[in-house]
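Worksheet: the structure to be examined is printed underneath.
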Amino acid sequence: MLVAQREGEGEGEMHKLRSISKVSVDDLAEAGLSREAAAKLQRALRESLARAQRSRTPSSGLEPDPREVWRELASARALKPSHPHRVHQLVYYSVYSDWDASARGPPLYWFPSLPQSKGTNLGRVMESHGGKLLGSAYKDPITSFSLFQKFSVEHPDVYWSIVVNELSLSFHRPPSCILDMSNKSKPWGTWLPGAVYNIAECCLLPSQHQRKGDDSIALAWRDEGYDHMNVNHMTLKDLREQVMLVANALDATFSKGDAIAIDMPMTVHAVIIYFAIVLGGFVVVSIADSFAPKEIASRLHISKAKGIFTQDFIQRGGRKFPLYSRVVEANPVKAIVLPVVGDSVGVKLREQDMSWKAFLCQVDHIPRRHYYPAFYQSADSVTNILFSSGTTGEPKAIPWTQLSPIRCAADSWAHMDVQTEDVFCWPTNLGWVMGPIALYSCFLAGATLALYHGSPLGRDFGKFVQDAGVTILGTVPSLVKTWKSTQCMEGLDWTKIRSFGSTGETSNVDDDLWLSSKSFYSPIIECCGGTELASSYIQGNHLQPQAFGAFSNASMTTGFVILDDHGVPQPDDQPCVGEVGLFPVYMGATDRLLNADHEEVYFKGMPTYEGVQLRRHGDIVKRTVGGYYIVQGRADDTMNLGGIKTSSVEIERVCDRADESILETGAISVAPPTGGPEQLVILVVLKKGYKAEPNDLKMKFSKAIQRNLNPLFKVSSVKIVAEFPRTASNKLLRRVLRDQMRQQLFVQSKM
């Protein structure tokens with residue numbers, strides 16, 4: 001997962017604008033307001049300026065602090081979601097027109113209030129335990145947040161004992177302790193030793209302290225094309241019964257411990273199947289429904305899957321796309337096929353495959369309310385195999401144990417403040433890490449999971465968010481960019497949203513300004529981590545001021561250093577840039593890979609810090625003035641396309657064969673100068689005597705990549721060059737190519 005704000009992004013727009021004190025009624029009217037509304041907003045601007053001026057300290061100069069001006073504007077709700085985006089731009093960029101980010105850090109747009117902070121999950125815990133744990137140093141959740149986060153790094157056993165009690169965790173056999181560091185061969189420690197439980201059962205059982213009862217709403221959903229209908233709901237009790245029914249059918253079809261893949265959209269049925277696999281003691285194999293047959297086949301092979309759940313078609317944007325046929329081409333052992341519409345599948349099945357209806361008919365003799373005994377396992381038992389592309393062509397197979405769900409749910413509980421009353425919606429897929437994160441974040445915190453069965457790109461999805469009463473909405477930046485550019489969400493009421501989430505790509509400040517404004521500037525919690533961490537190592541939260549596209553702190557219990565070019569940790573209190581080195585004691589992170597050497601991938605070559613070898617993550621991070629973090633890319637040649645990590649090698653292998661004129665290709669990803677998701681650029685060296693047009697190659701590359709790798713990948717541009725820069729050992733210097741293309745794009749943007 002990767003999210004970042006580029007230094008100086010939006011400054012060009014800021015410097016073109018006048019100071020906020022000089023914004024006139026005419027300016028506001030020109031931006032799209034009626035004269036009456038413009039006059040009303042200008043009065044509010046003047047009042048906010050006056051209040052900020054009164055709060056000015058004698059040493060702060062003549063002008064009020066822009067942060068205080070924006071805080072006053074936001075708290076007064078002077079800027080409305082219904083105001084045109086040009087109005088929001090005018091006001092925000094005018095407030096920060098003279099802001100020097102290099103000297104003062106990123107401009108802030110959201111500020112916690114003390115009363116609200118005490119009602120957050122973390123704030124409540126800090127109020128209860130802060131005095132005991134921090135002594136007289138504890139003041140309140142806002143003032144003492146950094147101290148408490150540092151305490152959680154130094155005393156992870158204490159923090160996790162509190163959080164384990166806060167989440168819906170029920171142990172068949174409780175752990176002997178939280179963390180055992182006695183085994184010197186495991187420097188990351190043994191978490192919850194002796195514990196025996198089933199994490200799916202924890203999600204499905206009522207919880208008194210979470211106020212999660214059998215009649216509470218577990219799922220809310222709507223099918224695409226039915227936006228005129230009421231939102232569907234399923235109680236926790238009904239969900240549990242459905243899961244147990246499918247678990248019984250799994251027992252009739254597979255053997256305990258079998259790996260079973262899910263390759264389908266994230267629907268109610270997908271959620272039921274996921275929990276049934278885990279409840280029954282099987283292992284979920286996560287496969288994204290956008291993958292080409294070759295990618296499906298490789299993941300089935302690596303995981304040794306015995307079967308796969310899929311659909312006959314995928315329905316998005318009013319169109320049907322084949323899915324079962326791709327699975328057939330991948331040739332799994334057994335497929336269980338669900339219909340996208342109605343009760344019968346719309347394709348002819350192979351002999352070894354089963355329809356969903358036939359699969360469930362195997363257990364017709366078992367009463368629907370029959371109790372299913374959960375399969376209890378140790379904390380380090382594998383429940384889910386996910387995949388992440390590394391720097392080789394084969395995807396890394398990353399096993400999630402029963403610890404991983406606790407980690408991701410705890411981070412959502414702490415940083416996104418997921419509570420029992422929340423309705424949580426994050427359009428994603430079980431093939432990506434956010435799918436399982438969304439499930440566990442909701443069900444271990446007692447919240448409602450909202451699912452839209454269709455494309456999240458259009459107004460129908462936005463209306464579902466409105467009608468379902470979504471309070472926490474997760475996004476990826478490219479999705480927000482689409483909503484903003486198409487104006488498809490205009491007129492909808494998103495004011496129930498109290499928090500947004502963002503991950504997967506580079507954030508654009510202006511797009512985030514648009515998004516946050518739709519809910520009176522609710523915070524956008526930026527998240528950056530990885531599948532192998534089951535969480536984010538840096539993240540926003542509800543106890544610190546937030547800046548668009550930036551991360552305000554390390555996540556709870558996470559410690560890391562930023563290494564310089566020589567691998568030496570840089571001081572924690574100073575602005576700097578370098579590669580991240582994570583502290584290895586990290587609850588929920590992997591301690592194994594199925595098809596790679598875990599030690600070599602994550603630890604080999606990393607320096608030690610305070611006597612402990614650091615864990616590799618691969619991000620280049622900048623710490624700004626004021627202690628915010630901005631991710632500036634990957635240390636290796638892994639790229640991020642549309643929120644999906646892939647490698648240059650994978651792209652190049654396909655492109656090299658796309659046309660006979662090609663000698664070799666170099667695949668890089670470059671973020672636009674104005675910010676936003678990374679764009680795929682292919683550089684080409686032609687064979688001697690051959691000619692080719694970049695646009696023709698672009699079309700051929702796109703087709704080859706979408707056919708062989710992923711239909712979601714798009715080639716942004718192609719450039720033909722004479723030769724590639726290389727090392728003395730003939731290794732391609734992709735970083736040099738990236739720098740050259742960044743410079744070229746920067747020059748073009750200034751023309």
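Screening Leu712 on (1) at pLDDT 85 or above; (2) in a loop (DSSP other than H, G, I, E, B); (3) not aromatic (Phe, Trp, Tyr) shows it passes everything except condition (1). Take the residues in the range 283-303 that are under 21 Å from Gly257 (Cβ atoms) and free of Cβ contacts under 8 Å to residues at least 40 places away in the same chain, then tell me which one is surrounded by the fewest Cβ atoms within 10 Å (Cβ to Cβ). If we take residues in the range 283-303 being under 21 Å from Gly257 (Cβ atoms) and free of Cβ contacts under 8 Å to residues at least 40 places away in the same chain, then His301 is surrounded by the fewest Cβ atoms within 10 Å (Cβ to Cβ). When the residues of the range 663-692 are filtered to those that are part of a loop (DSSP other than H, G, I, E, B) and more than 16 Å from Ile720 (Cβ to Cβ), the one that is nearest to the chain's Cα centre (by Cα) is Pro677. Among the criteria (1) in contact with a Leu (Cβ under 7 Å, 6 or more places away or on another chain); (2) under 21 Å from Gln546 (Cα atoms); (3) at pLDDT below 95, the one Tyr92 does not fulfil is (3). Within the range 586-637, restricting attention to residues that are among the polar types (S, T, N, Q) and more than 30 Å from Gly105 (Cβ to Cβ), the residue that is surrounded by the most Cβ atoms within 10 Å (Cβ to Cβ) is Thr590. Screening Gly611 on (1) without any contact (Cβ under 8 Å) to a residue 24 or more places away in the chain; (2) within 20 Å of the chain's Cα centre (by Cα) shows it passes everything except condition (2).
For residues that are aliphatic (A, V, I, L, M), in a loop (DSSP other than H, G, I, E, B) and under 21 Å from Val631 (Cα atoms), tally how many sit in the range 559-613.
The total comes to 3.
Taking the criterion of being without any contact (Cβ under 8 Å) to a residue 60 or more places away in the chain and among the charged types (D, E, K, R), the only residue of the range 252-276 that qualifies is Asp258. Scanning the range 304-344 for residues that are of a type in the set (Phe, Trp, Tyr) and in contact (Cβ under 8 Å) with a residue 40 or more places away in the chain yields a total of 1.
Within the range 361-376, being buried (at least 17 other Cβ atoms within 10 Å of the Cβ), out of contact with any Gly (no Cβ under 7 Å at 6 or more places or on another chain) and at pLDDT 95 or above holds for one residue alone: Ala374.
Any idea which of (1) assigned to a loop (DSSP other than H, G, I, E, B); (2) buried (at least 22 other Cβ atoms within 10 Å of the Cβ); (3) of a type in the set (D, E, K, R) is the one Asp214 doesn't satisfy? Of (1) assigned to a loop (DSSP other than H, G, I, E, B); (2) buried (at least 22 other Cβ atoms within 10 Å of the Cβ); (3) of a type in the set (D, E, K, R), only one is false for Asp214: (2).
Yes or no: the range 176-197 includes at least one residue that is touching a Phe, Trp or Tyr at 6+ places or on another chain (Cβ under 9 Å), of a type outside the set (Val, Ile, Thr), within 18 Å of Ile273 (Cβ to Cβ) and not in a loop (DSSP other than H, G, I, E, B). No: zero hits.
If you filter the range 329-344 down to residues that are under 20 Å from Phe291 (Cβ atoms) and of a type in the set (A, V, I, L, M, F, W, C), you find that the one that is surrounded by the most Cβ atoms within 10 Å (Cβ to Cβ) is Val337. When the residues of the range 553-565 are filtered to those that are touching a helix residue (DSSP H, G or I) at 6+ places or on another chain (Cβ under 9 Å) and over 12 Å from Leu582 (Cα atoms), the one that is surrounded by the most Cβ atoms within 10 Å (Cβ to Cβ) is Met556.
Inside the range 80-105, residues that are in the same structural domain as Val23 (by TED's automatic domain parsing), surrounded by fewer than 21 Cβ atoms within 10 Å (Cβ to Cβ) and in a helix (DSSP H, G or I) make up a count of 3. Among the aliphatic types (A, V, I, L, M) and part of a loop (DSSP other than H, G, I, E, B): does that describe Val649? Taking the combined requirement at face value, the residue does not satisfy it. Restricting Val631, Val654, Val585, Val612 to those that are outside the structural domain of Asp157 (by TED's automatic domain parsing) and modelled with pLDDT of 95 or more reduces the list to Val585. Would you check if there is a residue in the range 106-117 being at positive phi, surrounded by fewer than 19 Cβ atoms within 10 Å (Cβ to Cβ) and modelled with pLDDT of 95 or more? No: zero hits.
The set of residues in the range 131-155 that are buried (at least 21 other Cβ atoms within 10 Å of the Cβ), in contact with a Phe, Trp or Tyr (Cβ under 9 Å, 6 or more places away or on another chain) and either of a type in the set (D, E, K, R) or part of a helix (DSSP H, G or I) (or both) comprises Phe148, Phe151, Ser152.
Which one of these is at pLDDT 95 or above, within 22 Å of Val621 (Cβ to Cβ) and of a type outside the set (S, T, N, Q): Asp493, Asp512?
Just one listed residue meets the conditions, Asp512.
The values are calculated or read from the model by the stated rules, or taken from the named source; none is laboratory data. Just so we're clear, the structure is a prediction, and the values are computed from it rather than from any experiment. Cβ atoms come from the backbone with ideal geometry, glycine included; neighbour counts cover every protein chain shown.
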